[in-house]
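The values are calculated or read from the model by the stated rules, or taken from the named source; none is laboratory data. Because the structure is predicted, anything quoted here is derived from the model rather than measured. All Cβ positions, glycine included, derive from the backbone under ideal geometry; neighbour counts span all protein chains shown. Each accessible area value is taken on the protein alone, full model and side chains, heavy atoms only, with ligands, DNA and RNA left out. Shrake-Rupley method; radii C 1.70, N 1.55, O 1.52, S 1.80 Å.
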Amino acid sequence: MSFPLSMQTSVISIQSQVVYGHVGNSAAVLPMQARGLNVAAVPTTLLSNHPGYETMRGRVLEPELVSDLLRGVEERGLIGTSRYIVSGYLGSRANGEVVADFVKRARKINPDIIYICDPVMGDTGLGVFVADQVMECIINELVPLADLLTPNQFEVGLITGSEISSFDILQEKVRQIQAFNNARLVATGCVFPDTPYGSLENVVFEGGEETRLTSSRVPIVPVGTGDLFTGLLTANLAHGSTLTEAARNAASTVLNVVGRTAEQGEYEMQLGGAITALLPASDI
């Protein structure tokens, strides 16, 4: 896939930020920039690392600060020049409410802006890793606002109050979500009884149809792969890819990054070492 890097597109990305490792904006911003996009990165947290370690420093940012930063984004005119708002890990219900208010305000200023919601709430094997109030805010306030959703298999279950144990159930539950807001959706990291051995699937739901995209499964699962996927997906869409093309390329790039990380024996995604994987093929 080749991209014209001279193309300038603004993305407002509202997610967590960490000093060590790659999650939230610390995973999503680099690939968007590498593919030629201008990104306004607004943090919801400032943490030393993700909470998978025995210690963690920093804090979830106060909603007043997040709101103030978004007001600054608005004052600089970035809503009018942006094509996408992306949200990820929120840290608190109050931050989720700030994001919801910002999306509503942004749509009044720029009706063409597209809101991509990664409903970060949990994952298979990890369970739910946000507070109940955060989950309620995502499900009741952000999901209905979204133009495009990128939940993992476990999060589709949280949104619909069900266990997604088969592709047929996934189809049914995604249709329930789309009945409320007609959002496009990519269900990520799916494994069903009929998924080929050693593989996982990303399933694209758009226009009443679904496309199952199969990719190889690497024996490590670094934290932040979903954030990286959504960043790549956004960049690909900004350059004119269809949703299916964007998801296929994003999954391939994530697999490349995770594979290189495994080869180096690392625990955290090695984005710096895999920068060539993030660039368009014509620029490598």
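Sort region 1-104 into rounded, prolate or oblate with this rule: let a ≥ b ≥ c be the square roots of the eigenvalues of the Cα gyration tensor; rounded if a/c is under 1.5, and if a/c is not under 1.5, prolate when a/b is larger than b/c, oblate otherwise.
Working: a/c = 2.56, a/b = 1.25, b/c = 2.05.
Judged from the Cα gyration tensor, region 1-104 comes out oblate (a/c at least 1.5, b/c at or above a/b).
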> What's the extension gain from residue 162 to residue 81 if we count 0.36 nm per residue and subtract their Cα-Cα distance?
Replying inline: 25.3 nm
> Tell me, in nm to one decimal, what length is gained between residue 136 and residue 46 on full extension, where the rule is 0.36 nm per residue of separation less the Cα-Cα distance?
Replying inline: 30.1 nm
> How much accessible surface area, in Å² rounded to 10, belongs to the heavy atoms of residue 154 with a 1.4 Å probe?
Replying inline: 60 Å²
>> For Cα pairs less than 8 Å apart in space and 6+ apart in sequence, what is the mean separation divided by the residue count of region 10-276, i.e. the relative contact order in percent?
In response: 17 percent
>> Among 13, 169, 142, whose Cα projects farthest towards the positive end of the dipole of the chain, with charges put on the beta-carbon of Lys, Arg (+1) and Asp, Glu (-1)?
In response: 13
> Amide H neighbours of residue 114 under 5 Å, counting only residues 5+ apart in sequence or on other chains, H built in-plane at 1.01 Å?
Replying inline: 84, 85
>> For 239, 22, give me the order by solvent-accessible area with a 1.4 Å probe, most accessible first, ignoring ligands, DNA and RNA.
In response: 22, 239
> For 158, 228, what's the largest-to-smallest order of accessible area, 1.4 Å probe?
Replying inline: 158, 228
> Got a sec? What order do 267, 89, 84 fall in by accessible area at 1.4 Å, biggest, i.e. largest, first?
Replying inline: 267, 89, 84
> In sequence order, what are the phi-derived ³J(HN,Hα) couplings for region 203-217 according to the Karplus relation 6.51 cos²θ - 1.76 cosθ + 1.60 with θ = phi - 60°, rounded to whole Hz, with x for glycine and proline?
Replying inline: 10, 9, 10, 7, x, x, 10, 10, 10, 8, 10, 9, 9, 5, 9
> Under a 5 Å amide H to amide H cut-off, with H placed in plane at 1.01 Å, what residues pair with residue 58 once short-range neighbours are removed?
Replying inline: 48
>> Report the gain in length on full extension from residue 266 to residue 199: 0.36 nm times residue separation, minus Cα-Cα distance, nm rounded to one decimal.
In response: 22.0 nm
> Rounded if a/c is under 1.5, else prolate if a/b is larger than b/c, else oblate: which is region 10-276, with a ≥ b ≥ c the root eigenvalues of its Cα gyration tensor?
Replying inline: rounded
>> To the nearest 20 Debye, how big is the dipole of the chain about its Cα centre, given +1 on the beta carbon of each Lys and Arg and -1 on that of each Asp and Glu?
In response: 560 debye
> Accessible area per residue of region 10-276 at 1.4 Å probe, in Å²?
Replying inline: 43 Å²
